1. Using the Cα centre of the chain as origin and beta-carbon charges of +1 (Lys, Arg) and -1 (Asp, Glu), tell me which of G448, A142, W344 is placed farthest towards the positive end of the dipole.
2. Taking neighbour counts of Cβ atoms within 10 Å as a proxy for exposure, in what order, fewest first, do E244, E118, E308, E44 appear?
3. Can you give the Rg/Rh ratio of the range 154-276, where Rg is from the C-alpha atoms and Rh is the Kirkwood radius?
4. Give me the percent of DSSP beta bridges within the chain that run antiparallel, rounded to the nearest 5.
5. Rg to Rh ratio, the range 58-162, alpha-carbon atoms and Kirkwood radius?
6. Once phi is turned into ³J(HN,Hα) by the Karplus curve 6.51 cos²θ - 1.76 cosθ + 1.60 with θ = phi - 60°, what whole-Hz value does each residue of the range 234-250 show in order, with x for glycine and proline?
7. So what's the gap between the Cα centers of the range 197-212 and the range 277-319, to the nearest angstrom?
8. Could you put D276, D156, D101 in order, starting from the residue whose Cβ has the fewest other Cβ atoms within 10 Å?
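No value in this document is a laboratory result; all are computed from the given coordinates. Everything numeric here is computed off the predicted structure, so don't read it as measured data. Ideal geometry is used to build each Cβ from the backbone, glycine not excepted, and the neighbour counts take in all protein chains shown.
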Amino acid sequence: MSPDHSRDRLINSQTCQPMKLVAALTLLLSLVLAGCTVAPPQGELEPFDRRADYDYRLVDLPDAVVTSIPLSASGFQWPDLATDVDTALLEFSLTSAEGQDPGIAIDGSGIQLLQYFEQGGQGRRYLDLSPLLQAGISPGSAVRFTSHGAHWGTGDAALVAFSNSSMLGRRVLVLAPHPDDAEIAAFGVYQTANADVLTVTAGDAGGANFDALWPDSGEQYRAKGRIRTLDSLTVPFLGGLQPEAVRNLGYYDATLRQLWLQRPEPVAPPLAELADPAYFRRLNFAPELRDRPFESSWPSLVNDLLRELENVQPETIVAPHPMLDRHGDHQYAALALFEALDRWGGDSEILLYTNHAVGNEAYPLGPRDGMMGLPAWNGGPLHVTGLYSHQLSLEDRRRKLIALEAMHDLRPFDPRDGSQVDEVAPLFDYFRRGPRPNEIFLVTDSDGARAIYREYFAGRE
């Protein structure tokens, strides 16, 4: 209901008494004079209560270096961390967040940062200050805060820092449930590392983006899967990867949860008409993968992932966090990976990302000049050891935006004549959400992956 309709109902109600009306108008006037902005209503894609704490328990993580900070109305002085760290987040109290895209601007050592919060937000929050470390900020340097509609509580705060392995040249395997997930979550990481990008599904479901060209539904979804599979195999070239470093396993979009529920039986493609079940897999560059027998089943998926681990021997694996990401394919792609990890027995760190946050699908918040921050969460332990905030230069962000634009499924127009076919609200547009100054990951290991797997399936067997 709009504010105008609410006002008309108040004035025209036969049960409304003059004194109640005066009181209501007085309260409304006081809120306006106080500069208070009524936050927009929350929908089903934002179930997290904006006035609740974000609870990551960062200060309790095993790899955390925690320093108490006296936060003032103007900021704080950078402490002597006395260790080699590359990621730092400030845990503080957000007291109010008003206006559209409320945020806090940070200025320190010649670096300017901005991070946005929910309109109407309040409670424990985290500011990513990692670029100050990259700039070599010195102990005692002033870190100045300026409110852009978001306000903070003064007093005790905690600077929580972490030390991570350099991604430069590191052997990395990036797991993408769909074409474009690797670019959204980890383009900056994979263009820096010695990386392989492995996409699980063809992306052959979702919106009928191409039905203007292929009116038959089954044919349209086959074409969509082909286009998106080829995107997953070629767009990583924009990040410097070679053909041998990109693969798509060719499983069907929107089926991974069903694979687990129906195991060990195979699952058919839900929308695409395929004469050959391995149609999408055969688009790969690698002859071995093109010719490998294909079955759309859970055991086959786990076996394929195990083979990737054995072939790549990654030092770092990048994958979705199944407790933080709402998308079923993201959850079950990670869970299949965790099964494969348990069988592999290798030693690898795991960086967990969130592309569809369970608390708010609009994450990351605000315009794309803002730091990613952490997604809304207060659902208990996440079984991680630390955090990693990977910094992107301006040129990195430009390249990332181009990579996202090269993914046909992210384009909201008809390729035939340029007309709109699927209007994407700016709130959910990945051209806003993706090319940020940083990519943020929760860090865990094989023990953490096993704990996440057990907790996710607790009571579901």
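1. A142
2. E44, E244, E308, E118
3. When Rh is taken as the Kirkwood radius, the ratio is 1.12.
4. 70 percent
5. 0.95
6. So the Karplus estimates, Gly and Pro as x, are 10, 4, x, 4, 5, x, x, 6, 9, x, 6, 9, 10, 9, 10, 6, x Hz.
7. Cα centroid to Cα centroid, the span is 18 Å.
8. In increasing order of surrounding Cβ atoms, one gets D276, D156, D101.
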